[in-house]
Amino acid sequence: MFGSDKDVRVIFEVNFTDAEDIALARIFLLEQKDTRSVLNAPAIAYHDKAPPQEVIAAFPGAMDNVKTSNGSISFLVSEKSISKGMDLPLSQLIGFRQYLHYHLHAIKI
């Protein structure tokens, strides 16, 4: 997590071992950028080639030898995102892993 006066960026690494999961997760994560149009949704950025700049700046060299299958995804939680309370944004962040796994499983069926 990286914070500023107006927002917080939460970053998750995404790593799968199965080749089919890797391919499906990449497609699914690339589609997450479309959530910007949803009212009060946190901004989402998918970093599949390199770690986010915040991680590189805060921990220089720490990600040099780290290999993730699908990079990382970051959520920018702003004041607008929590204007109606923190319950929904927090539950979405906490449940993102289950959300991702559920949809990958549903795609395979």
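Bear in mind these aren't lab numbers, they're just calculated from the coordinates by the rules spelled out. On a predicted model such as this, the values are computed, not experimentally measured, just so you know. Note that we place each Cβ from the backbone using ideal geometry, even for glycine, and neighbour counts take in every protein chain shown.
Determine, for the range 2-108, the count of lysine pairs separated by eight or more sequence positions (or lying on different chains) whose alpha-carbon distance falls under 17 Å. The partial results should precede the final answer.
Details: Lys6/Lys80; Lys6/Lys84; Lys33/Lys49; Lys49/Lys67.
Lysine pair count for the range 2-108: 4.
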Practice problem: State the extension gain, in nm to one decimal, for the chain segment bounded by Asn65 and Ser78, taking 0.36 nm per residue of separation less the distance between their alpha-carbons. | Solution: 1.5 nm
Exercise. Report, in debye and to the nearest 20, how large the dipole of the range 2-108 comes out about its Cα centre when Lys and Arg carry +1 and Asp and Glu carry -1 on their Cβ.
Key: 180
Self-check item: Furthest towards positive pole of dipole, Leu93, Leu24, Ser81, structure part the range 2-108, Cβ charges
Solution: Ser81
Practice problem: Throw me the Rg/Rh for the chain, computed over C-alpha atoms with Kirkwood Rh, two decimals. | Solution: 0.97
Practice problem: Would you calculate, for the chain, the mean residue ellipticity at 222 nm contributed by helices, counting each DSSP H stretch of 4 or more residues as -39,500 (n - 2.57) and dividing by all residues, to the nearest 500? | Solution: -11000 deg cm²/dmol
Quiz item: Between Lys108 and Leu90, what length in nm is gained on full extension when 0.36 nm per residue of separation is reduced by their alpha carbon distance?
Solution: 3.7 nm
Quiz item: Once phi is turned into ³J(HN,Hα) by the Karplus curve 6.51 cos²θ - 1.76 cosθ + 1.60 with θ = phi - 60°, what whole-Hz value does each residue of the range 69-74 show in order, with x for glycine and proline?
Solution: 6, 10, x, 8, 10, 10
